[in-house]
Amino acid sequence: MKIAIQGEAGSFSHEAALKMEPEATIVPCSYSPEVFRRVVEGLVEAAVIPIENSLAGPVVEHYDLLLEHGVVIEREILVRIRHNLVVRPGSSIKDIRTVSSHPVALAQCRKFLEQHQQLEVVPFYDTAGSVKQLMEQGDVHAAAIASHAAAVYYNAAILLAGIEDNPQNFTRFFLVRPAAMVRPDPLANKVSLAFTVANRPGTLVEALQVFSAHGTNLTKIESRPVPGQPWQYVFYVDYQMATLGETKVPLEQLRLHCSMVKELGAYRQSEQGSAGHNSNGGVLPN
């Protein structure tokens with residue numbers, strides 16, 4: 001299976017994809033719209049995208065892209081995010097002058113950076129990309145913040161491990177495929193969907209009461225503005241089904257209160273305990 005990801009090889013998305021499909025061929029893409037385009041055009045069989053981080057919150061662009069394209073969520077996985085100070089082999093902390101990484105990763109290592117104020121912080125578009133650049137440029141005075149897997153992939157060295165502020169750092173990833181290629185999972189116990197309601201008092205409450213009436217556990221709600229329609233919003237929700245396989249009844253009743261309802265996927269919930277040691281396992285090929 002060819003799986004598209006946003007970012008460089010060695011990224012957390014790469015790691016999540018291989019945990020879902022160990023034999024997959026990973027296709028790195030520069031931008032998220034390119035990831036979805038490759039899926040809908042049939043250039044890859046699937047994509048793995050981050051949708052939410054337990055500390056930084058949702059990846060809002062990916063919600064919009066899920067609604068826009070004809071893809072369906074087939075699976076989810078939680079990946080433990082562990083950040084490391086990555087350098088060229090032989091470099092020491094005394095050598096380092098700059099450190100680069102994705103802005104979210106830098107923000108999640110704020111305490112470390114405050115303790116090493118001699119380091120110039122350089123935001124970069126991708127965690128693994130910062131390691132790739134580090135090794136290509138050969139600068140012994142530069143470092144990157146990235147995963148263990150990225151260090152392994154680019155033959156770099158980990159100078160300091162686990163430098164993130166909070167160990168309860170997980171990212172939830174979706175595996176998405178074209179709607180026509182997804183087979184219903186009889187053990188699905190979680191649903192993601194999007195809906196809009198009329199802009200009048202009580203409509204959102206009426207919609208949410210549908211979930212309560214069916215004994216479903218609403219685990220996530222997110223709102224996003226509708227492009228070109230000021231002050232109109234799309235609501236994205238995740239809910240756990242009270243009974244395995246029961247997705248249609250809540251959806252049918254929700255349509256009575258909503259101007260638009262789209263099921264984004266029905267799948268098995270990934271438990272936090274199953275996330276394992278993902279970012280410290282050297283799972284990527286060298």
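With the condition kept exactly as written, say whether any residue in region 209-220 is basic (Lys, Arg) and without any contact (Cβ under 8 Å) to a residue 40 or more places away in the chain.
No, region 209-220 has no match at all.
Looking only at residues that are touching a helix residue (DSSP H, G or I) at 6+ places or on another chain (Cβ under 6 Å) and assigned to a strand (DSSP E or B) in region 238-262, which one is modelled with the highest pLDDT?
Top of the filtered list is 261.
Considering only region 101-140, state which residues are part of a loop (DSSP other than H, G, I, E, B) and loosely packed, with under 13 Cβ neighbours inside 10 Å.
Matches in region 101-140: 117, 118, 138.
Would you check if residue 145 is surrounded by fewer than 19 Cβ atoms within 10 Å (Cβ to Cβ), part of a strand (DSSP E or B), in contact (Cβ under 8 Å) with a residue 60 or more places away in the chain and of a type outside the set (Lys, Arg)?
When the stated conditions are applied, residue 145 does not pass them.
Cβ-Cβ distance below 8 Å, separation of 6 or more or different chains: which pairs start in region 254-266 with a residue that is without any contact (Cβ under 8 Å) to a residue 24 or more places away in the chain and of a type in the set (D, E, K, R) and end on one that is in a strand (DSSP E or B) and surrounded by 15 or more Cβ atoms within 10 Å (Cβ to Cβ)?
Going by the 8 Å Cβ cut-off, the qualifying pairs are 255/261.
Need a quick list: helices (runs of 4 or more DSSP H) entirely within region 1-83 having at least 2 residues that are touching a Cys at 6+ places or on another chain (Cβ under 9 Å) and either surrounded by fewer than 20 Cβ atoms within 10 Å (Cβ to Cβ) or not hydroxyl-bearing (Ser, Thr, Tyr) (or both).
Filter on region 1-83 gives 32-40.
The values are calculated or read from the model by the stated rules, or taken from the named source; none is laboratory data. Not measured: the values here are computed from a predicted model. A quick note on method: Cβ atoms are made from the backbone with ideal geometry, for glycine too, and the neighbour counts reach across all protein chains shown.
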